[in-house]
1. When you check Gln154 against the structure, is it under 11 Å from Leu51 (Cα atoms) and either in contact with a strand residue (DSSP E or B) (Cβ under 8 Å, 6 or more places away or on another chain) or without any contact (Cβ under 8 Å) to a residue 40 or more places away in the chain (or both), yes or no?
2. Please go through region 161-171 and pick out each residue that is surrounded by fewer than 19 Cβ atoms within 10 Å (Cβ to Cβ) and assigned to a strand (DSSP E or B).
3. Across region 100-117, what is the total count of residues that are more than 18 Å from Val60 (Cβ to Cβ), in a helix (DSSP H, G or I) and open to solvent by less than 80 Å² (accessible area, probe 1.4 Å)?
4. Taking the stated definitions as given, is Gly97 at pLDDT 90 or above and either over 13 Å from the mean Cα position of the chain (by Cα) or not in a helix (DSSP H, G or I) (or both)?
5. Considering only residues that are in contact (Cβ under 8 Å) with a residue 24 or more places away in the chain and open to solvent by 70 Å² or more (accessible area, probe 1.4 Å), which ones fall in region 172-186?
6. Only one residue in Gln75, Gln32 is open to solvent by 70 Å² or more (accessible area, probe 1.4 Å) and modelled with pLDDT of 90 or more. Which one?
7. Determine the pairs where a residue that is farther than 15 Å from Leu51 by Cβ, located within region 114-142, has a partner that is part of a helix (DSSP H, G or I) with Cβ atoms under 8 Å apart, the partner being 6 or more residues away or on another chain.
8. Can you find a residue that is of a type in the set (Asp, Glu) and not in a strand (DSSP E or B) anywhere in region 141-158?
Amino acid sequence: MMIQTWKTGLGSWPSRALLSLMASGLISAQAQPQKVAQGRQAATAGSAAALVGTWKLLSVETRMTDGSSHATFGQNPEGYLIYGSDGMMSVNMQWAGRKPFASGIAREASQEEKASVSDLFSGYAGRYEVQEADSTVIHHIEVSSFPNWNGVQQPRIYQIDGDQLTLYNKLPIANSISYLVWRRVK
């Protein structure tokens, strides 16, 4: 199974290291379950079909060009990444143990609570294309929790080892490369 490519508007890279990561997960790969299952059986580790499905976030490590590193979403981040057989993708990530808003209603949250969303959650969705020759997946972002990413393309190198997927940005962003490790949901 080949994932088709889609063209979308170009944009610039944001400079914040935290937002160089990814996120948002609303579109299901369940739309064509037989096609997805058939594609997965025929997929090789570096193929576009091998990406299709739902992935649970295991870790996010940001490595700075000076050699230092940190766990960007804490030691136990939470999140899901979904690649649909229809060429759509979605990802959501957050710090584990985020505290509920005091009011229980998002629009009534304090300014501090609202600001914490930007620091502790990241999400986006849109189309994706796979370039198997160099193991690159390009996320064509259509909606994002960081509005500067709307209309932007985010290329990621992907590596698949069994049920584990590692994604990382192709070029340093804000003097860092973020490595996201995911496990396939079965």
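The values are calculated or read from the model by the stated rules, or taken from the named source; none is laboratory data. All figures in this text were calculated on a predicted structure; none of them were measured in a lab. No Cβ is skipped: glycine too gets one built from the backbone with ideal geometry, and neighbour counts run over all protein chains shown. Each accessible area value is taken on the protein alone, full model and side chains, heavy atoms only, with ligands, DNA and RNA left out. Shrake-Rupley method; radii C 1.70, N 1.55, O 1.52, S 1.80 Å.
1. Details: under 11 Å from Leu51 (Cα atoms): no; either in contact with a strand residue (DSSP E or B) (Cβ under 8 Å, 6 or more places away or on another chain) or without any contact (Cβ under 8 Å) to a residue 40 or more places away in the chain (or both): yes.
No, not satisfied.
2. From region 161-171, those surrounded by fewer than 19 Cβ atoms within 10 Å (Cβ to Cβ) are 161-164, 166, 168, 170-171; that's our starting set.
Asp161, Gln164, Thr166, Tyr168, listed by residue number.
3. First, the residues of region 100-117 that are more than 18 Å from Val60 (Cβ to Cβ): 100-115.
Now restrict to residues that are in a helix (DSSP H, G or I): 106-108, 111-115.
With open to solvent by less than 80 Å² (accessible area, probe 1.4 Å) added as a condition, the list becomes 106, 113, 115.
Summing the residues that are more than 18 Å from Val60 (Cβ to Cβ), in a helix (DSSP H, G or I) and open to solvent by less than 80 Å² (accessible area, probe 1.4 Å) in region 100-117 gives 3.
4. Working: at pLDDT 90 or above: no; either over 13 Å from the mean Cα position of the chain (by Cα) or not in a helix (DSSP H, G or I) (or both): yes.
Answer is no for this residue.
5. Kept after step one, since they are in contact (Cβ under 8 Å) with a residue 24 or more places away in the chain, are these residues of region 172-186: 172-185.
Result: Pro172, Asn175, Arg183.
6. Values: Gln32 fails: modelled with pLDDT of 90 or more.
Criteria check complete, one pass: Gln75.
7. Final answer for the pair search is Asp119/Leu18; Ser122/Leu18; Ser122/Leu19; Tyr124/Trp149; Ile141/Trp149.
8. Of all residues in region 141-158, those of a type in the set (Asp, Glu) come to 142.
If we keep only those that are not in a strand (DSSP E or B) as well, we get none.
No, region 141-158 has no match at all.
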